[in-house]
Structures are given as C-alpha cells and as structure tokens.
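Okay, structure first, notes after.
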There are 2 protein chains.
Amino acid sequence: MKNDSLTSTVETIASECLAVRIRLLNRTVTNIFDDALRPLGVKVSQLNVLIVVAKLGPISPGEVSRRLNMEKSTLSRNVDRMRTHDWLKVSEGDSGRKQILEIGSAGRKLIEKSLPFWKKAQVQTEVMLGERGARSIHRAANAVWAQLGRT
Amino acid sequence: MKNDSLTSTVETIASECLAVRIRLLNRTVTNIFDDALRPLGVKVSQLNVLIVVAKLGPISPGEVSRRLNMEKSTLSRNVDRMRTHDWLKVSEGDSGRKQILEIGSAGRKLIEKSLPFWKKAQVQTEVMLGERGARSIHRAANAVWAQLGRT
DNA sequence: ACGATTGTGTTGTATATACAACATAGGAGC
DNA sequence: GCTCCTATGTTGTATATACAACACAATCGT
C-alpha cells in the first residue's frame, strides 16, 4: 500500500533519532535538578553559569558562552537576572568593549550552600540512568567538548 | 585558607555534574537538527511530536505528554502552533473531555519530505559523538524510558 | 443521587533558548 | 589616519519549557 514510505520513515525516526533521546534526557534531568535546587531559589541553568564563572573568572561573557555552546544573547539575559541577585558582578574591561564577569558575594554563599542539594539531584540522576548510563553521558559530553575546541 | 570549601564545591560540580553535560548535549544536538530541518520550516521539537502522533495516533495530548515526559501545557501550545500548519488535526473525543490528535495531510507530506534532512543531522550528530557516544545516548534514554513506566 | 477526588486541557507568568538586526569597539591593511 | 572587517554585547521576536491556578468532566464512595 502507498503508506509504506510514511510508515517506514516514522519507524526509522522513532527508533533511532538522537535528538528525541537527548531532548527527553534534558527535560527529565533538568526537572530533577530544578526540583532539588528549588529551596535555594536557583535553577540549574543559572548554577551552571555561576560555576563556570567561579572556576574560570574573571572571564568575559563571550568566553563563557563559547565554553557552554550557548548563544551570546541567551547568556546576556541570564547574566542580567543573576546580577539582580548579586550572584554575578559585571565590570567593564580596562580598555574597551569587553565586560568582565566575577561571582558576587551572594553567589559565593549560594555555591557554598548548594552542595547537598546538588548532590541529591546528582545521585537521583545516577540512580535513574544506572552506572553505565551515567558514564555514557560523560563520554558523550566529552566528545562534544572535543569538537568545540576544548575545555 | 577559607576558600577551600568553595573551591572544592566548584571543582566537584564542574567535573561531575550530569545536568551540565546533558544540557550541553541538548543545546548542541538541537542546534544541529534545527539547522538541518530549517529548509522545511519545522523545528526538531515539532517533528518529534509529529512522529509520536503518526506512530501512535489517534492519541490524546495527555498520553503524548506522558510519553515524552513533557508538561501538558508545553504540549498544548506546541499543538496549537502545529495545528495552524495543518500538521496536526485535533478533534473532540466521543464523550467528554479528551481530545484526539491525528496527523493532518500537511503533516503527512512533511514527514515524507523530512527523511533526508533528518538523516543528515543524525549522521552529523553520530560523527560528533562517535559510535560509542551515540550508543551511550541510546542506553541512557532507554534507562529513562524504563523509569517512566514504559514505551 | 450527591459530594469529593481525580484527570484533562487552557491560560498567566517566568525563564531558557536561538536567530536576526543592530551598535560599537578594535584591528588590519593601505 | 582612514576604511573595512571582525568581535562583542544588546534588543526584538519566536519557540520550548515548567509551574500555578483555573475550568470542567468523569469517576468513586457512600
């Protein structure tokens, strides 16, 4: 019957598509972390940015967005929100255009408080994925970082 | 020095966090697919929904959102947009509250046209992740589906 | 039959994300 | 020094996502 090509396309995409799978993982895991972090009033997306700045800062927004493979405009608005909580501090680079991000004092306190909440979500995710599944994610992410041109 | 607990928390989260990694993968892979599908005017998120409905429909929105672990309100607005393109058809269930989703004729045509564009993105993703990385994603997604209570 | 609970979908609000268009700063080449 | 090109960041717009509150139907318990 003439439906065959439709059916086989549907079957192929449904059973193989990597985007479907990664997006499912993203929704599921983001929910677990946001849930665990809710008492702190921070979302995992914001904690991620904070950790990058804490680890590498002072650092420019452009550099952060490259490392996270995140659009500069996305980061720009994230930074705005985090600034209002004093999680991040933004200053003008010596000469010209570049800005400089550093963690603010509230950001420092937030990170210090966050470990047990983060750990709970991390363990819950590990249990869900299983040990092999969790190591799988690390492997796949390492592959992406390799393509991006590095840590 | 008193910075030690901050530094060690930052190091721990930066080097281990599964959410950071999955979210990076999500941004990267979603971009690859959206890019490849752009000529068709569809986003991978929408194609995903379309494939589920094509494979399992007629099906209710609630059932779709459960299978994708997606909030019902998210799906509700996705369906609205897809309806305006005639990618999806929505009808009222016989008796009462439940709606019924089916693919529309434009949706059928879209799926038929989409295979080569999808394939290109799939291959590009496989190259980026490597064979092991790609299998890793399948493994992790299978673990999530197992927890959700099934295919 | 009736009232309470549950399931289903919509709407308001906030954040995350990307693309396109823009403004502007710094450099490169001449 | 000027012009052009590139890098950097912001703003407008659209979509994806979730949570909270709601409306309403269906069902369950009595």
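Largest first, how would A:Asp4, B:Asp34 line up by accessible area (1.4 Å probe)?
Numbers: A:Asp4 90, B:Asp34 20 Å².
Ranked list, largest accessible area first: A:Asp4, B:Asp34.
With every protein chain present, what accessible area does B:Ile111 have (1.4 Å probe, heavy atoms only), rounded to the nearest 10 Å²?
Here the residue's solvent-accessible area equals roughly 0 Å².
In Å², what does the accessible area per residue of chain A work out to with a 1.4 Å probe? Walk me through the intermediate numbers first.
Numbers: 7770 Å² over 151 residues.
Computed with neighbouring chains in place, this is 51 Å² per residue.
If each DSSP helix of 4+ residues adds -39,500 (n - 2.57) and the sum is divided by the residues in the protein assembly as shown, what number results at 222 nm, nearest 500 deg cm²/dmol?
About -25000 deg cm²/dmol.
Just checking the output field for B:105-116: average partner chain Cβ neighbours within 10 Å of each residue's Cβ?
Across B:105-116, the average partner-chain Cβ count within 10 Å equals 2.
Shielding of B:27-38 by partners, i.e. mean partner chain Cβ atoms within 10 Å per residue?
4
What does the charge add up to near A:Arg135, with Lys and Arg as +1, Asp and Glu as -1, over the other residues with Cβ less than 15 Å from its Cβ?
Taking every Cβ under 15 Å from that of A:Arg135, the sum is +3.
So if I place +1 on the C-beta of Lys and Arg and -1 on the C-beta of Asp and Glu, and nothing else carries charge, what would the dipole magnitude of segment B:4-148 be about its Cα centre? I want it in debye, nearest 20.
420
Within the set of other residues whose C-beta is less than 11 Å from the C-beta of B:Phe117, count the net charge using Lys and Arg as +1 and Asp and Glu as -1. Walk me through the numbers before you get to the answer.
Numbers: positive: B:Arg38, B:Lys113, B:Lys119, B:Lys120; negative: B:Asp34, B:Asp35.
Neighbour charge sum, excluding B:Phe117 itself: +2.
Identify, among B:Leu68, B:Met128, B:Thr84, the residue whose Cα sits farthest towards the positive end of the charge dipole of chain B, taking +1 on the Cβ of Lys and Arg and -1 on the Cβ of Asp and Glu, with the dipole about the Cα centre.
So the residue furthest toward the plus end is B:Thr84.
Over 23 Å apart: what share of the alpha carbon pairs of the protein assembly as shown falls there, rounded to a whole percent?
Beyond 23 Å sits 60 percent of the P(r) for the protein assembly as shown.
Using only the Cα atoms of segment A:49-151, build the gyration tensor, take square roots of its eigenvalues as a ≥ b ≥ c, and label the shape rounded, prolate or oblate: rounded if a/c is under 1.5, else prolate if a/b is larger than b/c, else oblate.
Details: a/c = 2.79, a/b = 1.46, b/c = 1.91.
Oblate.
Hey, for B:Glu16 with labels 7 Å out along Cα-Cβ, what do the inter-copy distances come to in nm, ordered shortest first?
3.8
Let me know the volume per residue of the alpha-carbon convex hull for segment B:19-69, in Å³.
On the way: hull volume 4.1 nm³, N = 51.
It is 81 Å³ per residue.
Exposed loop sites here are trypsin sites (Lys or Arg not before Pro) in DSSP loop states with at most 14 other C-beta atoms within 10 Å. What is the longest stretch of chain A lacking them?
For trypsin sites (Lys or Arg not before Pro) (loop position, at most 14 other Cβ atoms within 10 Å), the longest site-free span of chain A is A:3-96.
Over segment A:82-134, with every protein chain in place, what whole percent of the accessible area is carbon and sulfur at 1.4 Å, could you tell me?
52
May I ask you to list the lysines whose Cα is less than 21 Å away from that of A:Lys98, ignoring any residue fewer than eight positions away on the same chain?
A:Lys55, A:Lys72, A:Lys89
Evaluate peptide B:128-135: per residue, the Cβ atoms of other protein chains within 10 Å of its Cβ; return the mean as an integer.
Values: counts 7, 9, 6, 0, 4, 10, 6, 3.
Whole-number average of other-chain Cβ neighbours for B:128-135 is 6.
Using protein heavy atoms only (no ligands, DNA or RNA), what is the total accessible area buried between B and A, 1.4 Å probe, nearest 100 Å²?
Looking at B and A, the buried total is near 6100 Å².
Starting at 0 and stepping by 5 Å, how many percent of the alpha carbon pairs of segment B:1-98 end up in each bin?
Pair shares across the bins are 2, 10, 16, 17, 15, 10, 7, 7, 6, 4, 3, 2, 1, 0.
The values are calculated or read from the model by the stated rules, or taken from the named source; none is laboratory data. All figures in this text were calculated on a predicted structure; none of them were measured in a lab. Cβ sites come from the backbone with ideal geometry, for glycine too, and all protein chains shown count toward neighbours. To get the accessible areas, we keep the full protein, side chains included, count just its heavy atoms, and leave off ligands, DNA and RNA. Shrake-Rupley method; radii C 1.70, N 1.55, O 1.52, S 1.80 Å.
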